[in-house]
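Asker: Quick one: the structure is below, questions incoming.
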Amino acid sequence: MKKVSIIIPTYNERENISKLLDMILKEDFVEEVIVVDDGSKDGTMEVVEKYTVKDRRVKLLERRKKLGLGSAYREGIKFVTCDWFFTMDADLSHDPRQIKDFLEQIQHADILIGSRHVRGSLIIGWSLYRFLTHLIANFLARTLLGLNCKDVTSGYRLYNTKKARSIFPLLKGDRFNFQIEVLFYAERLGLKIKEIPIIFVDRKLGKSKFNFSETMHFFRILIYLLALKFKLPRRA
């Protein structure tokens, strides 16, 4: 089985990061775990630092302030050493035990998306408001930008490193809007994208980073990409 890298952005995830790292590091196909922390104040960095001593596979990139999820991925990819890498949330909503499901499909795509909207998927613990917000965001992005994926905002993904490095420098989104921007460029560059079902469990500990500000940034990137839509035709 291929060795893979994993990039995990963190911001005040002390209550979750230990359990997540314990689960990930059990897998021998994990070559490295790159934790990109945005200046957490709750002790997240101190927890991760202890893991860097215990296991050479854990690397910590410390940043002085909250720069956002998209920015964290652009920073993290600079340190990836494997041909493939995962992105996943630190709040335990993405189950590391499903990594093997991605790897079984690795030969079929350049980007594999852990989808909450294909047969076999499941969402656990969301409020009606959160679920409706998610559905509306997906509908708008898919409809206005013509994206072919069913779950365009999922952050649980497996990337071909070489292909991702051809896209990430083009991106402007620093927050959750990064996810749709990746797919917008990926489809126009002719990359193969595949979705596989995941079980998504809402966080039990810590505070969600989703807020009104993230919504506004989502709409900004949506308008920006809509303007680019007719300037950047898809490759055959």
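What follows draws every value from the coordinates through simple rules; no lab data is involved. Just so we're clear, the structure is a prediction, and the values are computed from it rather than from any experiment. As a convention, Cβ positions derive from the backbone with ideal geometry for all residues, glycine included, and neighbour counts pool all protein chains shown.
Asker: Could you tell me what percent of the DSSP beta bridges with both partners in the chain are antiparallel, to the nearest 5?
Answerer: In the chain, approximately 25 percent of DSSP beta bridges are antiparallel ones.
Asker: What Kirkwood Rh does the stretch 71-115 have if only Cα atoms enter the pairwise 1/r average? Answer in Å.
Answerer: For the stretch 71-115, the Kirkwood estimate is 12.0 Å.
Asker: OK, next. Using the charge dipole of the chain (Lys, Arg: +1 at Cβ; Asp, Glu: -1 at Cβ; taken about the Cα centre), state which of Thr161, Phe200, Ile123 has its Cα farthest towards the positive end.
Answerer: Result: Thr161, furthest along the dipole toward the positive end.
Asker: If the chain between Lys26 and Lys204 were fully stretched, how many nm would it gain, using 0.36 nm times the residue separation less the Cα-Cα distance?
Answerer: Working it through step by step, the gained length comes to 61.9 nm.
Asker: Between the stretch 75-119 and the stretch 140-201, how far is it from one alpha carbon centroid to the other, in angstrom?
Answerer: The two parts, judged by their Cα centres, are 12 Å apart.
Asker: Once you place label points 7 Å from the Cα toward the Cβ at Lys100 and Asp42, how far apart are they in nm?
Answerer: Inter-label distance under the simple model: 3.1 nm.
Asker: Per residue, how big is the convex hull of the stretch 22-101 when only Cα atoms are used? Give it in Å³.
Answerer: 104
Asker: Give the average over all directions of the projected area of the C-alpha convex hull of the stretch 1-46, one decimal, in nm².
Answerer: That works out to 3.1 nm², a quarter of the Cα hull's surface.
Asker: If you project the alpha carbons of the chain onto their three principal axes, what span does each projection cover, largest first, in Å?
Answerer: 50, 38, 35
Asker: Further question on the same structure: For Val118 and Ala227, calculate 0.36 nm times their separation in residues minus their Cα-Cα distance, and state this gained length in nm to one decimal.
Answerer: Residue separation times 0.36 nm, minus the Cα-Cα distance, leaves 36.3 nm.
Asker: Report the FRET efficiency, 1/(1 + (r/R0)^6), for Arg56 and Asn148, where r is their Cβ-Cβ distance and R0 is 35 Å, rounded to 0.05.
Answerer: 0.30
Asker: Here's something else I'd like to know. How far is helix 128-145 tilted, in degrees, relative to the longest principal axis of the Cα atoms in the chain, given as a value from 0 to 90 rounded to the nearest 10?
Answerer: Relative to the chain, helix 128-145 is tipped by roughly 50 degrees.
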